[in-house]
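The values are calculated or read from the model by the stated rules, or taken from the named source; none is laboratory data. Keep in mind it's a predicted model, so treat the numbers as computed, not measured. Because the Cβ atoms are built from the backbone with ideal geometry, glycine has one as well, and the counts that use them run over all protein chains shown. We work out accessible area using only protein heavy atoms, side chains counted, and drop any ligands, DNA or RNA first. Shrake-Rupley method; radii C 1.70, N 1.55, O 1.52, S 1.80 Å.
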Amino acid sequence: MKGRLTMRILDLTLKDLAQILRDKRSLLFLAAMPIVFTLFMGFAYKGNGEETPEDIRIRLGWVNNEPGGLLSSQLQKMLNNSGEIQMVVLSIDEANEAVRAGEVTGALIVPEGFSDALKGTPVQLRLVADTATPQGQSIYQLIRKTVTRLMSSAEIAQLAAEMTGNDAAVELEAGFSSATQAWSETETASLIQVEMAVAEPEAAWYGDNPYNQASPGILVQFAIFGLVSSGQILVQERKTRTLQRMMSTSMRAWEIVAGHLLAMFTIVFLQEALLVVFGQLVLGVDYGREPLGTLLISAGLGLWIAAMGLLIGVFAKDDSQVVLYSLMAMFVFSALGGTWFPLEASSGAFAVIGKLMPSAWAMKGYQDILVRGLGGSSTYLPALVLLAYALGFFLLAVWRFRRMPV
């Protein structure tokens, strides 16, 4: 008796599977479309989370009328190494225009013979900038600090040459090089210990891989939309009176519903398995870190969606209603369940309602593994919640099925 009952349910299941798999469009929506959308959403999340940081250095025009000079070369090197100034090499005409156009904050003009300052000849630099603005004041102070160190090195070199009484040019250059090197070592030395300078940058909400959100999110979303084909089978059976003939046989209502449920679950679970394998092997989404947890969530998700598909099939009167109800379910459960973005980013009533959705529990189970790095035991509660939803939808489908006219 039990064997005959099982065979009747399996026969109905195999009939539904053969009918679904004969439709090439079903395969497109079950396999190809989810993969394409997963890739697209992953690129979108990655582009949003890995923006190129903006260069916040102050742009300074550099006009050098003494190319190759010892002091001018050293000054350019010191400004470049400051980490606060972005040097832009310009001609004198370009410099004035760039400052007026706001392309650079200021322009530093190095006169010809600037390196003669090493021999004690006073030579003045010229800065073209609006020092009445905060940016102008900043660039002036940065240059002033650097030039002060440069000229201090020149004075030290002069004193050293006077004390030795040797060849002035050689001693000046050697003393200048030693002094600038000392300044450089002092500048890079850690003289102050900083306990906390800035807050630690927040980690991306999808972890180290944007597909940690895109892969399970699209998996849940398209599993719901895959109900269209399954729901249409029940509608077609009613139109052709196949369902009415089955209901007039010895098959009980729950057996008919169970046969359809098993077919829907098989389709959904195979789709989930395909997307999990694709995510693991191609996208680097580590479902395999907790295989049992992934299996529990996928099975619970498949049962809930299959039961919801049954409910849609018994309520819908024609194919257009199956599509409509499936689309409504997909958008409502996807949007509220955190498949497009994490519910942690929302607040208020949206967040409260969203966390009650079965899709949110499915996402929680997957992301406890993928993003939060939790163990397989973290998936037990989400899996149980999904099973509870599946049972509720199944009982509603059986209740509605028994009241359908024979």
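Things to note:
- Counting the residues of the stretch 281-314 that are buried (at least 17 other Cβ atoms within 10 Å of the Cβ) and assigned to a helix (DSSP H, G or I) gives 23.
- Pair list, Cβ < 8 Å and 6+ apart or interchain, from the stretch 294-323 residues that are farther than 21 Å from residue 17 by Cβ to residues that are open to solvent by less than 10 Å² (accessible area, probe 1.4 Å) and among the polar types (S, T, N, Q): 294/379; 296/379; 297/379
- Annotation note: Cβ proximity below 6 Å between a residue of the stretch 123-136 that is modelled with pLDDT of 80 or more and a residue that is of a type in the set (S, T, N, Q) (sequence gap 6+ or interchain) occurs for 135/105.
- Residue count for the stretch 336-359 under the criterion of being under 16 Å from residue 223 (Cβ atoms) and open to solvent by less than 10 Å² (accessible area, probe 1.4 Å): the result is 5.
- Which listed residue is open to solvent by 50 Å² or more (accessible area, probe 1.4 Å) and touching a Ser or Thr at 6+ places or on another chain (Cβ under 8 Å), from 372, 400: 372
- Among all positions in the stretch 258-272, there is no residue which is open to solvent by 50 Å² or more (accessible area, probe 1.4 Å), at pLDDT 90 or above and touching a Gly at 6+ places or on another chain (Cβ under 7 Å).
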